[in-house]
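Notes follow once the structure below has been shown.
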Amino acid sequence: MSTHNVWTHKGTFLLAAVGSAVGLGNLWRFPYLTGENGGGAFILVYALTIFAVGIPILIAETMLGRNSRRSPIMGMRFLTRTHNTSRAWESIGWLGAASAFLILSFYSVIAGWAIHYTWQMLTGSLAGADAATIGAGFDALLASPALLTLYHTLFIVASGLIVGMGIHKGIESGLRIIMPALFVILLIVLAYGVANGDFAAAASFLFTFNLADLSLEGWLAAMGQSFFTLSLGMGAIMAYGAYMSSEISLTRTAIAIAIVDTAVAMVAGLAIFSLVFGADLSPGQGPGLMFVTLPLAFAEMPFGALVGGVFFILVLGAAISSSISLIEPVAAFLVERFDLTRPQAVFAMVMASWALGLLTVASFNVYAEGTIFHTLFGRSAFDFIELLTNIFMPLGGLLIALFAGWALTHSEVMKEMRTNETWFTIWRLLVRFVAPAAVAFVFLRAIPQVEGYLIPAIGALVIVGAFAAGRTFLVDDSQEQ
Ligand code: TRP
């Protein structure tokens, strides 16, 4: 059964995909990674991989969704049938559903922290506080299972309510309010950063270019980030693509998504580091950058409490527009496959993810260390779940690129891309060879044991294997019909 649902407006897919893409990855992860990996050099590689890997896979994933007009799992089942390929490619849908469920479980816990800080900022409880007080406040938040669970619950329920109301009344209308508000807030924070912070230092920190900083690690981190930030490889984009009007060019839309997403990351980076440098704080704080360093900067600035509150509302909005795209693919599958009503399907997905999220909550306090889990997996439950998603997402992207690149026919692709032969050829080259190779490297990097020279060696093996798989399962019968 096909969903046959289409967004009310032509521009909604773009809005929804940008909503999914822009999230904690842009506001926190991008600035922090850039700082760690050589500023401008990192941004150069990041931009390169966005164009050579991100955009082609974005086009491929949207294409699979729009071509099948079904939720990712049912859509892949449909495509393997209509294209006479191995049913193993259905794993794209299952992997995606598993990733969505896992990512949502911890994304909701982390986003919940932003609820806490919005509240703290707006009530002025951090005004004038010093580094020790703010650091202790963050530690106290993490030490409280009750508080973390409360925020986690609030966030996931809010996301579930939006998706439960359906793609038109819920997701579409929700995004039409959230997204413009986010852009306005981002500009307010940037203007505030320029006025009260050290914009020049931020700009030179982010854009100073030093070729010597281009380490292999930096390359890999940049590729991983370009992947994560575009929400690729787990069916979110496929699910949204299934509702996209057939008339729109995928090529142009994908490029627009990538440009807006990158622009948001850059502006957020400039704003955040202006404030950080303006307050004489260190940029390399990792996880603490947004929840300790930034609140500290706000505590010292004029009108910091108000602007800080506004900033954390931005973080929350960006996170919620991402989390609804995590719920949608699984909820749509449950509706199609088991004939559940949409609220039932959303409830099932959200409840399961919520329960799993309790493991992440406990990872920061009661199960912080020394449990059976640590002995078995060598890390906390939170780190383990994150590691799993860091493997699943690139793997999903790799399979998506191969399937779209080898199984779909020339005319199918041309119908979706609406472009000329040159662009078609470039795209196919990228999804058939370049993207799988690049993703193989990112994928292997996610496995901590694989280091040093092993990476290129095993990477090459995987590429050859993927290529062979592509030929065996995809090219033969489907192309001759
Ligand atoms: N792109 C999101 C961000 O930048 C994170 C993310 C990764 C995501 N994969 C996703 C969000 C899938 C929604 C769906 O924060």
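May I ask you to sort Leu306, Leu104 by Cβ crowding, counting other Cβ atoms within 10 Å and putting the fewest first? Intermediate results must be reported in sequence, preceding the final value.
Values: Leu306 15, Leu104 30.
Lowest to highest Cβ neighbour count: Leu306, Leu104.
Please identify the longest segment of the chain free of exposed GluC sites (Glu not before Pro), where exposed means a DSSP state other than H, G, I, E or B and no more than 12 other Cβ atoms within 10 Å. Numbers along the way, then the final one.
On the way: sites that count: Glu247, Glu369, Glu451.
The answer is 1-246.
How much mean residue ellipticity at 222 nm does the chain get from its helices, if each DSSP H run of length 4 or more adds -39500 (n - 2.57) and you divide by all residues, to the nearest 500 deg cm²/dmol?
Numbers: 23 runs with 345 residues, N = 481.
Theoretical 222 nm ellipticity from helices: -23500 deg cm²/dmol.
Would you mind computing, in nm to one decimal, how far apart the modelled labels at Thr341 and Ala263 are, each placed 7 Å from Cα along Cα→Cβ?
4.1 nm
Between Phe51 and Leu388, what length comes free when the chain is fully extended (0.36 nm per residue of separation minus the Cα-Cα distance, one decimal in nm)?
Details: separation 337, 0.36 × 337 = 121.32 nm, distance 2.58 nm.
This chain segment gains 118.7 nm when fully extended.
Quick check: the distance between the Cα centres of segment 116-190 and segment 336-373, to the nearest angstrom?
Taking the Cα centre of segment 336-373 as reference, the centre of segment 116-190 is 19 Å away.
Between Rg and the Kirkwood Rh of the chain, both from Cα atoms, what is the Rg to Rh ratio?
Values: Rg = 21.8 Å, Rh = 22.7 Å.
Expressed as Rg/Rh, it is 0.96.
Given labels modelled 7 Å from the Cα in the Cβ direction, how far is it in nm from Ala131 to Trp423?
5.1 nm
For a label point 7 Å from the Cα of Leu150 along Cα→C-beta, name the residues of segment 104-127 whose backbone N is under 13 Å from it.
Flagged as within label range: 113, 115-117, 119-120.
Taking a ≥ b ≥ c as the square roots of the eigenvalues of the Cα gyration tensor of segment 248-373, is the shape rounded (a/c under 1.5), prolate (a/b larger than b/c) or oblate?
Numbers: a/c = 2.49, a/b = 1.36, b/c = 1.83.
Since a/c reaches 1.5 but b/c is at least a/b, the shape of segment 248-373 is classed as oblate.
If every alpha-carbon in segment 153-250 counts as one equal scatterer, what log10 I(q)/I(0) does Debye give at q = 0.16, 0.22 1/Å?
-1.07, -1.18
Each value in this text was obtained by applying a stated rule to the coordinates, not by laboratory testing. Remember, predicted model here, so these are calculated numbers, not experimental data. No Cβ is skipped: glycine too gets one built from the backbone with ideal geometry, and neighbour counts run over all protein chains shown.
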